[in-house]
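Heads up: the structure comes next, in structure tokens.
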Amino acid sequence: MSDHATPHRLSCHHCGVAYQRPVLAPGEWATCFRCGSTLETYAVFSAGAWLAVLIATVISFALANAFPVATLYVQGAGQAASFIDAVVITWNVGYPEVAAITFAAGFFLPACQLGLLVWIFSALAVGRMPLFFETVIHWVDRLKPWCMVPVFLMGVMVAVVKLAGLASLTPGIGLFATATSAILITALTRLNSEKIRSMAHDLGLPAKPAPISKPPSLTIIMRTWALMLGAVILYIPANMLPIMRVSTMGSESAHTIMGGVIELWHMGSWDIALVVFIASVAVPLFKLVALGTLVFLTQQRTGIKLRERTHLYVIVEFIGQWSMLDVFVVILLSALGHFGSLLSIEPGGGAAAFGGVVILTMLAAMGFDPCLAWRLAGHRKHLRRADLESTH
């Protein structure tokens, strides 16, 4: 890769430093000297290879939503359900907000992101600049945190374990297609605007350097506190109200989040119980405490442990979507457990409140800019040449 083919700079989105972009060799990656964040890795895949991955992802994603994830048999009667079936049933039983959240996170937004990436790489693969390039790569970054197919796959696994004791369950084509698309979508998370822009430059296309971001505003602190307060308020009914109701042969039981964890533990599925506890109890609490700590220390304009705080923010941002696990479990159970008086599973008010907690905490984490912590502690954005680390 020649020097003239590289863009002018790489910007660290976590501390705000701008660097001259280095030429990386195979096996190397560039990290920020100040905060330690990874800025760029050597591009193993070409644009054509990424297009092939995208086509495979689109096919598997279409199959995952066209075919049932599983079929549940109760006294000889079978009930099959795909993800779309689960959304429709959840809407029909009176929880449109839960249906809308899960439809957006499990289908609509992933489909939009795949469409944008196909648009980009179908042009890059033949050496052309995609139309509306800047707008499209901007939306690729905005949509990525909300695409939760891997979380839905884990939700399917939990639902299978929960239903195993009630009836006979047969996996469907949709389950295997969901597993495939989850793996491929996870691989696609490596693509962001910075990486795509660099690939366009390396192809000799006229991609503009990334625009220099404005200094973060102090208003994001109050906005983050407000979103976190809303999440804390919703967290109370999310844990107090039933997340689902189960009716079997005239008897009815309600399950809260912790009730579901305890039930899985008593069934002997301690590993699945641990996963649900971490995703639905520990992760939301950790996000609230960690993000509150980050915002508070930023307000204090302290430079204590800035690098460690930046790494903590990356963790908070990464784990945000996994709290949706219980919501996906509930809608899938509602779709499969639909046998009238024999077996009926419906979402509860806790599912809607918990979905709100997930959305508000994700918005709070995404809206907070860790660059503000560095800036208020006295560090400023500047271009560095010699300090960029290139690691084998």
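Bear in mind that the values in this text are calculations on the coordinates, not laboratory data. Quick caveat: nothing in here was measured; it's all calculated off a predicted structure. Neighbour counts are summed over all protein chains in view; Cβ atoms, including those assigned to glycine, are modelled from backbone coordinates with ideal geometry.
Listing for the model above:
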read-out	value
Burial ordering of 195, 287, fewest other beta-carbon atoms within 10 Å first	195, 287
The chain: angle of helix 193-202 to the longest principal axis, Cα-based, in degrees nearest 10	50
Separation in nanometres of the label points that stand 7 Å from Cα toward Cβ, at residue 192 and residue 92	4.2
Estimated distance in nm for a label pair at residue 263 and residue 126, the labels positioned 7 Å out from Cα along Cα-to-Cβ	5.3
Unit charges on C-beta of K, R, D, E only; dipole of the chain, Debye	1420
Farthest positive-ward along the chain dipole, Cα basis, beta-carbon charges - from 98, 16, 261	16
Theoretical ellipticity at 222 nm over the chain - DSSP helices of four or more residues, -39500 (n - 2.57) apiece, nearest 500	-17500 deg cm²/dmol
Neighbour-count order for 272, 304, 278, fewest beta carbons within 10 angstrom listed first	304, 278, 272
Highest-fluctuation residue, 190, 223, 375 considered, GNM on the chain with Cα pairs under 10 Å	190
Long-range HN-HN contacts of residue 348 with modeled amide H, under 5 Å	244, 245
Label point distance in nm, residue 20-residue 112, each placed 7 Å from Cα along Cα→Cβ	4.0
Calculated FRET value between residue 307 and residue 285, using beta carbons and R₀ = 22 Å, to 0.05	0.35
Crossing angle, helix 349-367 versus the chain [Cα axis fit, 0-90 degrees, rounded to tens]	0
Relative contact order for the stretch 9-391, counting Cα pairs under 8 Å that sit 6 or more residues apart, in percent	27
Cα gyration tensor, the stretch 9-391 - rounded (a/c under 1.5), prolate or oblate	oblate
Nonlocal Lys pairs with alpha-carbon distance under 30 Å, the chain (8 or more apart, or different chains)	20
Cys residues of the chain counted as unpaired, since no other Cys beta-carbon is under 4.7 Å	112, 147, 371
Of 371, 131, 88, farthest towards positive along the dipole that unit charges on Lys, Arg, Asp, Glu beta carbons give the stretch 9-391	371
